[in-house]
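The next block holds one structure in the form of structure tokens; read it before the comments.
The values are calculated or read from the model by the stated rules, or taken from the named source; none is laboratory data. If you're wondering where the values come from, they're calculated on a predicted model, not measured in any experiment. Glycine gets a Cβ as well: all are built from the backbone with ideal geometry, and neighbour counts include every protein chain shown.
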Amino acid sequence: MRASLIKSSLLMFFLLLAKPATAEIIPDGTLPTNSKVIQQGNTTFIEAGTIKGTNLFHSFDEFSIFSGNTAYFNNSLNIQNIISRVTGTSISNIDGLIRANGNSNLFLLNPNGIIFGQNAKLDIGGSFIGTSANSMKFNDGFEFKATNSESTPLLTVSTPIGLQFGANPEHITNFSRATNQNDEIIGLSVPSRATLALVGGQLVIDGGNLTAPGGNIELGAISANNTVNLIPTNFGWKLGYENISGFQDIRVINNATVASNFNGRGNITITGNNIDILSSRIQAGINSGLQLNNQPGDIALNSQGNIIVDAGVITNQVDGIGNAGNIKLTAQSLVLNNGTEVTANNLGEGNAGNINIKATDTISLSGVATNGSSTVIGANLFGAKGNGGEITVIGANLSLFDGATITTHTLGEGNAGNIEVNASNNINITGLGSNGFTSGIGSQVFPEAVGNGGQIVLNAPMVTLSDGANVVAHTFGQGNAGSIEINAQKVFLDGLASNGESSGIGSAVFENGKGNA
């Protein structure tokens, strides 16, 4: 994977050196009404093309945009879908601005792959789907092919329904750190109620950003000879993977950000084989100003292989008025370490979301970040009004060590959520983190909070707590502590942490607390 990333980066660098500092957009002359390219200064106007109903088709031999340049699809305002293909043999290197009129959706198909440079930016009113698929399928059976293209295809007025991939789906890489008018880094961005989708072979978001404030973000890495469904919704497009036989890897690395928060509603869906989130953020939720009962979208990571989150953040958070969305992680095995946070928190007025984690093999949480933060799965209330979310963990084995925790605390006005862990083999909680906190599972009512703690249920043949690990349901504020239920054939409690704290299971009311243990 590292070699592939280096290869993509070097390829982009040498291509940029080899080509003049203008857009490299060359029509291929294969449409009934061909695309026209007009160069005016640093702007390349893309006009004509073949119109069928509200679909506008463009076809290019090459499509690249270099830094400081703009590709302007000068479409009429009644166009709903701009469908563009690249039939040549070159990767699309996008390091400038892609612009279109009105609320048109823009599809860019290049089977050779796409690289978005640090300056790549979108200025479109609808959704953007960038893909290395070989063709686009329509609901009347027509297929707009980017390989072995007909000289004069019979184009259609019908709706796109799928992306067909060939024998070797190529990579898509995003380095974009483009800024908005407030100098905030947004990278590639689409407006509210739209979808930003990258669908290819291996996907790498390397230090780049993907932003859809109030919209959807879809990342899919597809193996050979598969079809991804395109499903139109009132909030852009949804991708369907029902008949996919295999996936490739997705990496979000080097302080990259994938964000659909700010205005709520937006979903983030990442679907692939192995998924790595390394020193990067996946975030959804509400920042401020929305009406109560507004429901933001969910975050879902669907891995056919393993999910590794190292020093990363996956968060779905209310910081305003509204309810947070949910987080769902599904994989063969799941590793969270080095201060990783998977949180569905409420900091405003509304309920926190639920967290659902499911792995057929091992779920492992460990480690402390350099800033002293423990690895944590949490659905908590922080000075808010509402209820905490539920946490459900299902796997063969669950391991928490080096200060890792699973928590549903309340620090505001509302009840903490429940925690349920179902392990077919073992639950093993052990050790002290470098920040001085022990590993554990807890639901607590903190000082100044008003509400009840959540219930903790652990189901496994064997449960082991050692070296100061604990399972606790305490109240320091105004409310009852939650209950703890452990269903196991064997339960082991053993040892002290280096700070002298003993391993234990407990429910208690502490000084100044008001409620029942």
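A few notes on this one:
- Going through (1) under 18 Å from ILE250 (Cα atoms); (2) more than 21 Å from the chain's Cα centre (by Cα); (3) not in a loop (DSSP other than H, G, I, E, B) one by one, PHE144 falls short only on (1).
- Scanning segment 217-241 for residues that are of a type in the set (Ser, Thr, Tyr) and either free of Cβ contacts under 8 Å to residues at least 12 places away in the same chain or surrounded by fewer than 16 Cβ atoms within 10 Å (Cβ to Cβ) (or both) gives a single hit, THR233.
- Test: ASN422 is without any contact (Cβ under 8 Å) to a residue 40 or more places away in the chain, under 30 Å from the mean Cα position of the chain (by Cα) and surrounded by fewer than 20 Cβ atoms within 10 Å (Cβ to Cβ): yes
- Against the numbered list (1) over 25 Å from SER158 (Cα atoms); (2) part of a loop (DSSP other than H, G, I, E, B), SER76 comes up short only at (1).
- Of all residues in segment 88-108, those satisfying the criterion of being assigned to a loop (DSSP other than H, G, I, E, B) and under 24 Å from LEU239 (Cβ atoms) are ILE91, GLY102, ASN103, SER104.
- Residue check for ASN356: closer than 22 Å to LYS238 by Cβ and not hydroxyl-bearing (Ser, Thr, Tyr): yes
- Test: SER434 is part of a strand (DSSP E or B), of a type in the set (Ser, Thr, Tyr) and either out of contact with any His (no Cβ under 9 Å at 6 or more places or on another chain) or more than 15 Å from VAL368 (Cβ to Cβ) (or both): no
- Residue among ILE429, ILE363, ILE406, ILE394 that is out of contact with any Leu (no Cβ under 9 Å at 6 or more places or on another chain) and assigned to a strand (DSSP E or B): ILE394
- Answer residue from segment 338-352, given it is part of a strand (DSSP E or B) and surrounded by fewer than 21 Cβ atoms within 10 Å (Cβ to Cβ) and is modelled with the highest pLDDT among those: GLU341
- Complete set of residues in segment 453-462 that are surrounded by 24 or more Cβ atoms within 10 Å (Cβ to Cβ) and either touching a Leu at 6+ places or on another chain (Cβ under 9 Å) or not in a strand (DSSP E or B) (or both): GLY453, GLY454, ALA460
- Among the residues here, ILE357 qualifies as in a strand (DSSP E or B), under 14 Å from ILE441 (Cβ atoms) and not charged (D, E, K, R).
- When ILE98, ILE79, ILE51, ILE38 are screened for being of a type outside the set (Gly, Ala, Ser) and buried (at least 24 other Cβ atoms within 10 Å of the Cβ), only ILE98 passes.
- Among (1) more than 19 Å from GLU218 (Cα to Cα); (2) modelled with pLDDT of 95 or more; (3) assigned to a strand (DSSP E or B), the one test that ALA300 misses: (1)
- The residues of segment 109-126 that are part of a strand (DSSP E or B) and closer than 19 Å to PHE138 by Cα amount to a single one, LEU109.
Rundown of residues vs (1) more than 17 Å from the chain's Cα centre (by Cα); (2) surrounded by fewer than 23 Cβ atoms within 10 Å (Cβ to Cβ); (3) outside any loop (DSSP other than H, G, I, E, B), yes/no style:
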position	(1), (2), (3)
GLY285	no, no, yes
PRO296	no, no, no
THR315	no, yes, yes
GLY325	no, no, no
LEU336	no, no, yes
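- Of all residues assigned to segment 145-167, none qualifies as being surrounded by fewer than 24 Cβ atoms within 10 Å (Cβ to Cβ) and under 27 Å from ILE308 (Cα atoms).
- Entirely in segment 154-254, the strands (runs of 3 or more DSSP E) that have 3 or more residues that are within 24 Å of ILE277 (Cβ to Cβ) and either in contact with a Ser or Thr (Cβ under 9 Å, 6 or more places away or on another chain) or modelled with pLDDT under 95 (or both): 195-200, 203-206, 209-211, 216-221, 236-240, 250-253
- On the stretch given as segment 54-67, residues that are in contact with a strand residue (DSSP E or B) (Cβ under 9 Å, 6 or more places away or on another chain), surrounded by fewer than 22 Cβ atoms within 10 Å (Cβ to Cβ) and more than 21 Å from VAL157 (Cβ to Cβ) total 3.
- Flag if GLY431 is at pLDDT below 95 and crowded, with 24+ Cβ neighbours inside 10 Å: no
- Matching residues in segment 477-494 - criterion: being surrounded by fewer than 16 Cβ atoms within 10 Å (Cβ to Cβ), of a type outside the set (A, V, I, L, M, F, W, C) and either touching a Leu at 6+ places or on another chain (Cβ under 9 Å) or assigned to a strand (DSSP E or B) (or both): GLU485, ASN487, LYS490, ASP494
Conditions (1) over 25 Å from ASN78 (Cα atoms); (2) among the aromatic types (Phe, Trp, Tyr), marked per residue:
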{"residue": "ALA133", "(1), (2)": "yes, no"}
{"residue": "LYS137", "(1), (2)": "no, no"}
{"residue": "PHE142", "(1), (2)": "no, yes"}
{"residue": "PRO153", "(1), (2)": "no, no"}
{"residue": "ALA167", "(1), (2)": "yes, no"}
{"residue": "ILE172", "(1), (2)": "yes, no"}
{"residue": "THR195", "(1), (2)": "no, no"}
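- Against the test of being touching a helix residue (DSSP H, G or I) at 6+ places or on another chain (Cβ under 6 Å), touching a residue at least 12 places away in the same chain (Cβ under 8 Å) and over 24 Å from GLY215 (Cβ atoms), the options ASN93, ASN134, ASN69 yield a single qualifying residue, ASN93.
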